[in-house]
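Peer 1: Handing you this structure, nothing more for now.
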Amino acid sequence: MESSRFAHVIEPVHHQKRSLRTFAGLRAADSIPTTNMIAPSGPQQGRRHFFHDPEGFLSMSSTTLFSAGQIGAIPVANRVAMAPLTRARAGMDGVHTPLAIAYYRQRASAGLIISEATNISRQGRGYAFTPGIYTDAHVAAWRPVVDAVHEAGGRIVLQLWHVGRISHTSLQENGQPPVAPSAIQAGQTTFTESGPARPSMPRALHIDEIPGIIDDYRNAARRAKDAGFDGVEVHSANCYLLEQFIRDSTNHRDDAYGGSIENRTRLSFEVTQAVAEIWGADRVGIRLSPMTHSAGDTPLDSTPAETYGFLAERLGTLGLAYLHCIEGNTRETNAKDAFDYQSLHRAFGGAYIANNSYDRDLALDAVASGRADMVAFGRPFIANPDLVERLHRNTPLATASQDVFYGGGAEGYTDFPAMTGTGD
């Protein structure tokens, strides 16, 4: 999610009944045979095997951004991932409209689509008009989206999201306060049905409630499977609930989920483990962001290298599909050298997806050098549904106005044309 300096005004789309004036704090946001596996690149060498060479002749050094392969159990046509992009076009009940079918189908040439962050429960919701995955209606709305991506030859995983303290009482059932590891109010703003508002003061979760949170992730994971997704990504980044537990700046607990690094990272591990039991670990990824302050203007952990390194190593024991890291502060300049992300890559020991303001040259180098197995692009996918082809041809990219990032209808969502045609 973007920091407060990226707050912007969104003019209403004329034919829409609702109007989003600002949405500060959000980020704009073919089966391949399983033989001829190759070792993961760079720091992963000698550990688990993720990508493979379908033709049987590629070496690690010849792998490029446009090489096919496999991440975990998921075949990918190239190493370009579509990052999670909150677009705020679902109903207030969290049910997607048919517009999402066209939107995701248009972008199915990505090697892997990671869906927009999707609420695992009503309690987990922190922004108006974001989708859910905890009811039958949510599953029914997502299923044709997934089918459309598959029919277009793509692969898609669902990002599982609980916002924790980044919410407002008006978004919670019966006006209850949001929940968090500790009762510390977040800064910046969230977006309610009535407009922007500072997140409400949260209440600290009682330790007896934590198994219920894990069960909510299980329920969401099962429903994602029912909807036909290729896997799921656990959202343990961007200062939402799981990362609120990780950081000592937002976790002041003195029980089994607070205090030591092991305790503070426990919930992220237990959630990921629970989800992996449903999906199989090789269809589960996780996202981390050790150096971002957004959402909520959240202070960093006091020892991020030690804290996230411990978590990455422990997650590596599960045999997950991938580790997805935001390199730097969300939506700011890529900061791959400001923190030792490769230490997390090594500690994890598996496939690594790099993210945050990558351009073509940075992405080509990241894959060719073995620093990353895939590179996730976010905002460029908004105005370039055929981003992979544009990157391959090295043609100029279209840009989208921030006015259409969040909320509204088809305008700025499904009406961006491909190079050789128009949007669906």
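The values are calculated or read from the model by the stated rules, or taken from the named source; none is laboratory data. Remember, it's a predicted structure, so these values are computed and weren't measured experimentally. Cβ coordinates were reconstructed from backbone atoms using ideal geometry, including for glycine residues, and neighbour counts include every protein chain displayed. Just the protein is used for accessible areas: all its heavy atoms, side chains included, with ligands, DNA and RNA removed. Shrake-Rupley method; radii C 1.70, N 1.55, O 1.52, S 1.80 Å.
Peer 1: Which residues, counting only those in the stretch 271-293, are of a type in the set (Val, Ile, Thr) and surrounded by 21 or more Cβ atoms within 10 Å (Cβ to Cβ)?
Peer 2: Step one: of the stretch 271-293, the residues of a type in the set (Val, Ile, Thr) are 271-272, 275, 278, 284, 286, 292.
Scanning the stretch 271-293 gives 271, 272, 275, 284, 286, 292.
Peer 1: Identify the residue in the stretch 387-421 that is touching a Phe, Trp or Tyr at 6+ places or on another chain (Cβ under 9 Å) and of a type outside the set (A, V, I, L, M) and, among all such residues, is nearest to residue 92 (Cα to Cα).
Peer 2: 407
Peer 1: Note down all Cβ pairs under 8 Å where the first residue falls in the stretch 90-107 and is within 22 Å of residue 387 (Cα to Cα), the second is hydroxyl-bearing (Ser, Thr, Tyr), and they're at least six residues apart or on different chains.
Peer 2: Close Cβ pairs satisfying both conditions: 99/413; 99/414; 102/414; 103/413; 103/414; 104/115; 106/414.
Peer 1: For the stretch 299-379, which fully contained helices (runs of 4 or more DSSP H) count at least 2 residues that are in contact with a Cys (Cβ under 8 Å, 6 or more places away or on another chain)? Don't jump to the end; show me each part of the working.
Peer 2: Working: elements: 304-316, 341-348, 360-368.
Of the helices (runs of 4 or more DSSP H) lying wholly inside the stretch 299-379, those with at least 2 residues that are in contact with a Cys (Cβ under 8 Å, 6 or more places away or on another chain) span 341-348.
Peer 1: Still on this model: Looking only at the stretch 135-174, how many residues end up being small (Gly, Ala, Ser), farther than 22 Å from residue 188 by Cβ and touching a helix residue (DSSP H, G or I) at 6+ places or on another chain (Cβ under 6 Å)? Walk me through how you get there before you give the answer.
Peer 2: Narrowing the stretch 135-174 to residues small (Gly, Ala, Ser): 137, 140-141, 148, 152-154, 164, 167, 170.
Within this subset, residues satisfying the condition of being farther than 22 Å from residue 188 by Cβ are 137, 140-141, 148, 152-154.
Right, trim to touching a helix residue (DSSP H, G or I) at 6+ places or on another chain (Cβ under 6 Å) and you get 148, 152.
Adding up the residues that qualify gives 2.
Peer 1: Further, regarding this structure: So residue 277 ticks every box in (1) over 19 Å from residue 205 (Cβ atoms); (2) of a type outside the set (S, T, N, Q); (3) in a loop (DSSP other than H, G, I, E, B) but one. Which box is left unticked?
Peer 2: So residue 277 meets the others, but not (3).
Peer 1: Okay, moving on. Of all residues in the stretch 345-370, count the ones that are open to solvent by 10 Å² or more (accessible area, probe 1.4 Å) and under 19 Å from residue 70 (Cβ atoms).
Peer 2: Of the residues in the stretch 345-370, 1 are open to solvent by 10 Å² or more (accessible area, probe 1.4 Å) and under 19 Å from residue 70 (Cβ atoms).
Peer 1: So, one more: Only residues that are at positive phi and open to solvent by 40 Å² or more (accessible area, probe 1.4 Å): list them for the stretch 137-187, please.
Peer 2: To start, the set of residues in the stretch 137-187 that are at positive phi comprises 153, 164, 174-175.
Answer for the stretch 137-187, where residues must be at positive phi and open to solvent by 40 Å² or more (accessible area, probe 1.4 Å): 174, 175.
Peer 1: From the list 114, 133, which residue is more than 19 Å from residue 212 (Cα to Cα) and either buried (at least 24 other Cβ atoms within 10 Å of the Cβ) or more than 19 Å from the chain's Cα centre (by Cα) (or both)?
Peer 2: Working: 133 fails: more than 19 Å from residue 212 (Cα to Cα).
Testing whether each residue is more than 19 Å from residue 212 (Cα to Cα) and either buried (at least 24 other Cβ atoms within 10 Å of the Cβ) or more than 19 Å from the chain's Cα centre (by Cα) (or both) leaves just 114.
Peer 1: Before we move on, is residue 373 among the charged types (D, E, K, R) and within 19 Å of residue 312 (Cα to Cα)? Spell out the reasoning first.
Peer 2: Details: among the charged types (D, E, K, R): yes; within 19 Å of residue 312 (Cα to Cα): yes.
Against the criterion (among the charged types (D, E, K, R) and within 19 Å of residue 312 (Cα to Cα)), residue 373 qualifies.
Peer 1: Restricting attention to the stretch 316-344, and to residues there that are open to solvent by 40 Å² or more (accessible area, probe 1.4 Å) and hydroxyl-bearing (Ser, Thr, Tyr), which single residue is modelled with the lowest pLDDT?
Peer 2: 333
Peer 1: Provide a single number: the residues in the stretch 177-204 that are in contact with a strand residue (DSSP E or B) (Cβ under 7 Å, 6 or more places away or on another chain) and under 14 Å from residue 240 (Cβ atoms).
Peer 2: Total satisfying the criteria: 6.
Peer 1: Turning to a different aspect of this structure: Applying the selection to the stretch 77-93, what residues are more than 22 Å from residue 357 (Cβ to Cβ) and crowded, with 23+ Cβ neighbours inside 10 Å? Full working, then the answer.
Peer 2: Step one: of the stretch 77-93, the residues more than 22 Å from residue 357 (Cβ to Cβ) are 77, 89-93.
Within the stretch 77-93, 89 is the sole residue that qualifies.
Peer 1: Here is a further query. Taking the stated definitions as given, is residue 140 closer than 30 Å to residue 200 by Cα and aliphatic (A, V, I, L, M)? Even if it seems obvious, please write down each step before you answer.
Peer 2: Working: closer than 30 Å to residue 200 by Cα: no; aliphatic (A, V, I, L, M): yes.
No: the conditions fail for residue 140.
Peer 1: Next up: Looking for whichever is β-branched (Val, Ile, Thr), over 21 Å from residue 331 (Cα atoms), modelled with pLDDT of 95 or more and touching a Pro at 6+ places or on another chain (Cβ under 8 Å) here; the options are 114, 101. Which one fits? Break it down stepwise before answering.
Peer 2: On the way: 114 fails: over 21 Å from residue 331 (Cα atoms).
Going through 114, 101 in turn, the sole match is 101.
Peer 1: Would you please list the contacts, defined by Cβ atoms under 6 Å and residues six or more apart or on different chains, that run from a residue in the stretch 226-241 that is buried (at least 24 other Cβ atoms within 10 Å of the Cβ) to a residue that is of a type in the set (Asp, Glu)?
Peer 2: 236/243; 237/243
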